[in-house]
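Everything below concerns the one structure shown next.
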Amino acid sequence: MYSGAAAAAAGPPRRDFISVTLGSEEAVGVGGYNNSKAWRRRSCWRKWKQLSRLQRSVILFLFAFLSVCGVISYTSMGEVWKSITNKSLDDQRTEQEIPRLKLANPAVLPAPQKADANRGDYPELSLQKPPKPPHVRRGPSNLQIKAPRRDTKLKIQQDTMRAVEELVEADKVEKTEKTIISWRGAVIEPDQSTEPPSSKIMEPEKPSSVEAEDQKEPVPINERQLAVVEAFRHAWKGYKDFAWGHDELKPLSKSYSEWFGLGLTLIDALDTMWILGLKEEFEEARKWVANDLVFDKNVDVNLFESTIRILGGLLSTYHLSGDTLFLEKAKDIGNRLMPAFKTPSKIPYSDVNIGRGTAHPPRWTSDSTVAEVTSIQLEFRELSRLTGDEKFQKAVDEVMKHVHTLSGKNNGLVPMFINTNSGQFTHLGVYTLGARADSYYEYLLKQWIQGGKKENELLEDYMRAIEGVKKHLLQRSEPKKLTFVGELAHGHFSAKMDHLVCFLPGTLALGAHNGLAADHMKLAETLIETCYQMYAQVETGLSPEIVHFNLHAQKGHKDVEIKPADRHNLLRPETVESLFYMYRFTGDKKYQDWGWEILQNFNRYTRVPTGGYTSINNVQNPSNPEPRDKMESFFLGETLKYMFLLFSDDIDLINLDKYVFNTEAHPLPIWVPA
Ligand code: DMJ
């Protein structure tokens, strides 16, 4: 009991002292409050003595028991206490972080749709490695640059996968930084700068051939590749015998045709000979370049055609061979083409006189073709990198930047013409992935890859355009339900598809290989089947220049219809090109088999016994395909090169993580290889 009266009598109470008695009067004492230690000890002892033995034992037992409990509960309470303390710290941190995440930059582009589906698709892609090569590369030994190890490649794919997953997570919390673009699964490495390399010229490198570190032993090429070599030799024989140093062979009349008068076929074929291992032929051609190739000529050349075939061919041959002769020639032609950019809008003219240094549009218009002005960038950019002279890159980058800002596009799809005075699109309302627009789309992706995947505007335009293709141009034919890319003219869909469009499956597959949306790969697989059917459904097994697809099933009708004016075949490469990409990225042998069928049909219907191959006028008439008497330079520059690469199982024979092909199949180095 608390003795309040006694405490009051003893003066001001000590607020921190409480006396607890065990109930005896004596405990307080009569003479007033005594709280000395000695008194307290004595009084306690007396009380203890007054207790019975049983009481003392019970008290001792209780004391011991409580002591043990005290020790145990102290230990476990420590743990509980620690976790409580941590939890509250965590809570504090989370509370601080959530607002920060919410405030992070909102996504600059729409969040990926069907992200989970894409994620589900991707591993399939990553795991589809080409089978272990039974045949390793053939090309000249110094083409055999160091290969990334297969486990490294797998790691890259896994890293890409991880990046995609991280991106999806990031999108969930709307945390998209400027250096990451997400567009239906498209990924840009977050640590890459958004600054396009256009502002500064990349450090020129030694040609790739010099990079060779651990060169593998070349092993024999396989039979199908040998058949390509034989075809090339046959074509080359015709060119050498009847058209040496001229632009194109006319194999039937055993003569030649001149376009620019610059040995177009010879230059276009240089790197093909290198890749096929045709050293003698290469050396002979090199001599012609050294002694007879002169650009100081009063001749009008088409800017686009001479860039992709001549400048592109010289640059890639320089990279493969390491021979500076080709770089010197590339600089020469590059400089001579520059007057084309002196226009009011900086959109280049179509034609340049490389001897006089003057340029002009075609006689009937001041328009240029959109595909032409936007498909010279890979070559001029590389020329700047190699020479350290930024003028080439500046000129072509300006074109891309300008086109990026233009109105008149339809979900990323561009019209076919652009005016060199106003810089505006003309002939609005017609959209195609065929002639006059095709390689615009191809070069958006390829420039992005060439520059190390940093130039976001290019990627944005590419991704937008593929969405535009999906939205406006895809339809399915009857009866086989082939997905094809048609055209749109002032709101009306046309089921017309140029053979030129068959570059698209390869480009889509290349994009998917570089981390873009997995549904691009699915579309590529569908479209390459269609391109193959453009050959398979025709009497000669060769595709016409243009097909029209049937949208409605009709008895006795195939998917593919051919108009009389469109039934020619110019030995074009696009389907074989796409087959090559598809085989590289999937390892599915059917693509090689399809390419093999096409090669056999070229041999059956276009081969001229005295040397060379010819374009034909009628793919529907196997008994008389009507030879046109012309072998286009791209048959050697592209078609046979892609055939050879398609039949190869060596992913390092022009490794697609190190090289990007220009639109004439000339491989140029990727500035920052994967
Ligand atoms: C080639 O010159 C190029 O591939 C160009 O992009 C389109 N036309 C031919 C081949 O068909």
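How do the peptides 433-444, 526-537 rank, highest first, by the average count of neighbouring beta carbon atoms within 10 Å per residue?
Values: 433-444: 23.8, 526-537: 22.3.
Result, highest mean Cβ count within 10 Å first: 433-444, 526-537.
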Exercise. In 5 Å bins starting at 0, how do the alpha-carbon pair distances of region 441-493 split up by percent?
Worked result: 5, 19, 20, 17, 14, 12, 8, 4, 1
Problem set entry | Carbon + sulfur, % of accessible area of region 420-564 - ligands and nucleic acids excluded, 1.4 Å | 51 percent
For this session: Could you give me the radius of gyration and the Dmax of region 253-410, taking only the C-alpha atoms into account and expressing both in angstrom?
Result: 16.2, 52
Seminar exercise, completed: Pseudo-spin-label distance residue 257 to residue 60, built 7 Å along Cα→Cβ, given in nm, is 12.3 nm
Problem set entry | Packing-based order for 577-587, 655-665, using average beta carbon neighbours within 10 Å, highest first | 577-587, 655-665
Problem set entry | Virtual spin-label span in nm between residue 391 and residue 237, 7 Å along Cα→Cβ | 4.7 nm
For this session: For residue 292 and residue 346, calculate 0.36 nm times their separation in residues minus their Cα-Cα distance, and state this gained length in nm to one decimal.
Result: 16.1 nm
Exercise. What FRET efficiency comes out for the pair residue 401/residue 478, r = Cβ-Cβ distance, R0 = 30 Å, nearest 0.05?
Worked result: 0.10
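Hey, with R₀ at 35 Å, roughly what FRET efficiency would residue 603 and residue 283 work out to, going by the Cβ-Cβ distance, to 0.05?
With a Förster radius of 35 Å, E is 0.85.
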Exercise. Of all the accessible heavy-atom surface of region 219-303, with the other protein chains kept in place and a 1.4 Å probe, what percent is carbon and sulfur?
Worked result: 49 percent
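Need one number: the % of Cα-Cα pairs in region 251-293 sitting beyond the 11 Å mark.
Pairs farther apart than 11 Å: 67 percent.
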For this session: Compute the Rg/Rh shape ratio of region 309-349: radius of gyration over Kirkwood radius, all on alpha-carbon atoms.
Result: 1.14
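Per 0.36 nm of contour for each residue apart, how much would the distance between residue 435 and residue 672 grow if the chain were fully extended, relative to their Cα-Cα spacing?
Contour length minus Cα-Cα distance gives 82.2 nm.
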Seminar exercise, completed: In nm², the average projected area of the convex hull spanned by the Cα atoms of region 509-591 is 6.6 nm²
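Computed over the Cα atoms of region 220-304, what is the convex hull's projected area averaged over all directions, in nm²?
Value for region 220-304: 6.5 nm².
The values are calculated or read from the model by the stated rules, or taken from the named source; none is laboratory data. Not measured: the values here are computed from a predicted model. Methodologically, a virtual Cβ is constructed for each residue, glycine included, from the backbone with ideal geometry; neighbour enumeration extends over all protein chains shown. Each accessible area value is taken on the protein alone, full model and side chains, heavy atoms only, with ligands, DNA and RNA left out. Shrake-Rupley method; radii C 1.70, N 1.55, O 1.52, S 1.80 Å.
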